[in-house]
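Peer 1: Okay, here's the structure, questions in a sec.
Rule-based calculations on the coordinates, nothing more; no lab input. Because the structure is a prediction, the values reported are computed rather than measured. All Cβ positions, even for glycine, are placed from backbone atoms using ideal geometry, and neighbour counts span all protein chains on display.
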Amino acid sequence: MGDHPGEFLVVGGGIIGLSAAWRLAQAGGEVVLLDPAPASGATAVAAGMLAPVTEAHYGEEELLALNLESRAAWPSFAAELEAASGESVGYNASGTLAIGYDPSDKAALDELHRFQQKLSLESTPLTASACRRLEPALSPAIRGGLDVPGDHQVDPRRVASALLGACREAGVVLERTAAARLLVSSDRAIGVAGEDGREFRAATTVLAAGWRSGELAGLPEGLRPPVRPVKGQLCRLRLDERVPRPARTLRALVRGSFVYLVPREDGELVCGATSEEMGTDRRVTAGAVYQLLRDAQAILPSILEAELVETLAGFRPGSPDNAPLVGPSGLEGLMLATGHFRHGILLAPVTAAIVVELISSGLGEGWQARPALDPRRFTRRRRP
Ligand code: GLY
């Protein structure tokens, strides 16, 4: 790009950056996307659950509203993406079954159900035998569950491939280098310097680099987004058609530990995930794989016959309040779309829509439409 400033520069080609780049280009923008290996971070590791109801947490009601909004947007986002790319994204609307393994796990599930009811979320308690009628492969040892038909899933790797195709079709220019440093001139972001030595200048830079977003050199200290890596380890299994396998996503509490099993049409079963504050330690540990498989087989004994295809670890971009940072950074010309923590796949459609909406409205510093996401909720507090 040299010295000629483009319109938009999106830093980071995970699901958030790709979705934002696609939508900006669709809206008529001239977009450059910077990533040495698009969709190779958290997006490639994520299970792809679109599960605001089974992942509802106390104290996260505002985030829940956003999660529900994005869940509602997913079917049309998926259809549009498939039409634009000619690729399937593996959208699966079979629903989710939450399972309690022992009496304490069942009690915790009852508590979750009370919370869901308070928020008028769709969730129906089921006895153990009703769970097994829905999913005959479940162990007879389980104590009961919750049927949550509206929590669906997509295959993030297929979504990323489709987004890359759709971005190409929409004219997004992909530059395969990492961002080394934010370029700032006269109190304004003017683009980034790439690790390959080139400069990529733009009127608006969108920083969507997941947990690495806070590490970009050149960010003014007070405005550095407070995102951190939260390690998740998981396993990918494959069950052939002779082995009983679930149709729905299963999310279980097994003797106090969480495990989920996400079935794909082709027989793949994603089993995850740990949640660890381990900095950037990316090792897959025997202990995590043992714990995941132990708990998964407690509810679904047939997984012992599965092929263990892959074990992997990735980093969720965690934020201090578990909600993302989407909006003006506090530095003119720089917008953030990061910190999506457990919900990056789920929140991609709504995040991309907000990015376009904000940019169309002039990215004013007075923007207050979504205070729960406003990145300045952290930086304001930290600045004198
Ligand atoms: N939302 C699933 C996870 O973070 O593991």
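Peer 1: Stretched out fully, how many nm does the piece from Glu7 to Arg168 gain, at 0.36 nm a residue minus the Cα gap?
Peer 2: This chain segment gains 56.3 nm when fully extended.
Peer 1: Right, another one. Taking 41 Å as R0, compute the FRET efficiency from the Cβ-Cβ separation of Glu276 and Ala83 and round it to 0.05.
Peer 2: E(calc), rounded to 0.05, equals 0.60.
Peer 1: Of the peptides 238-247, 212-221, how do they stack up when ordered by the mean number of other Cβ atoms within 10 Å, highest first?
Peer 2: 212-221, 238-247
Peer 1: Roughly how many Å is it from the Cα centre of the stretch 79-95 to that of the stretch 170-230, as a whole number?
Peer 2: Answer, in whole Å: 30.
Peer 1: A further question follows. Could you compute the net charge surrounding Ala298? Neighbours are other residues with a C-beta less than 13 Å from the C-beta of Ala298; K and R count +1, D and E count -1. Please list the in-between numbers first.
Peer 2: Values: positive: Arg143, Arg255, Arg294; negative: Asp102, Asp105, Asp295.
Around Ala298, the charge tally is 0.
Peer 1: Using only Cα atoms, tell me the angle between helix 15-26 and the longest principal axis of the chain; keep it within 0 to 90° and round to the nearest 10.
Peer 2: Taking Cα atoms only, the helix is inclined about 50 degrees.
Peer 1: Name the long-range amide H neighbours of Val10: under 5 Å, sequence gap of 5 or more, or other chain; modelled H, no Pro or chain starts.
Peer 2: Residues meeting the amide H criterion: Val32, Leu33, Leu34, Val206.
Peer 1: Specify the angular offset, from 0 to 90 degrees and rounded to the nearest 10, of the alpha carbon long axis of helix 103-118 from the longest principal axis of the alpha carbons in the chain.
Peer 2: Computed tilt is about 50 degrees.
Peer 1: Quick one: net charge around Arg23, please, counting Lys, Arg +1 and Asp, Glu -1 for every other residue with C-beta under 12 Å from its C-beta.
Peer 2: -2
Peer 1: Between Glu30 and Ala130, what is the label-to-label distance in nm when each label sits 7 Å out along the Cα-to-Cβ direction?
Peer 2: For the pair Glu30/Ala130, the computed spacing is 6.0 nm.
Peer 1: Okay, moving on. What is the diffusion coefficient of the stretch 16-63 in µm²/s, taking the Kirkwood radius over Cα pairs and the Stokes-Einstein relation at 4 °C with a viscosity of 1.567 mPa s?
Peer 2: D, rounded to a whole number, is 96 µm²/s.
Peer 1: Here's a follow-up. Tell me the Rg and the Dmax, in Å, that the Cα atoms of the stretch 45-85 produce.
Peer 2: Reported Rg and Dmax, both Å: 12.3, 38.
Peer 1: So, one more: Run through the DSSP bridge list for the chain and note the antiparallel percent, rounded to the nearest 5.
Peer 2: Details: 50 of 72 bridges.
Antiparallel: roughly 70 percent of the beta bridges in the chain.
Peer 1: Under the rule of -39500 (n - 2.57) per DSSP H run of 4 or more residues, summed and divided by the residues of the chain, what mean residue ellipticity at 222 nm is obtained, to the nearest 500 deg cm²/dmol?
Peer 2: It lands at -9500 deg cm²/dmol.
Peer 1: Cα axis of helix 156-170 to longest principal axis of the chain: angle in degrees, 0 to 90, nearest 10?
Peer 2: Taking the Cα atoms of the chain, the angle to 156-170 is about 30 degrees.
Peer 1: Using modelled amide H (1.01 Å from N, peptide plane; none on Pro or chain starts), what sits under 5 Å from the amide H of Glu199, excluding residues fewer than 5 places away?
Peer 2: Long-range HN contacts for Glu199: Gly2, Gly194.
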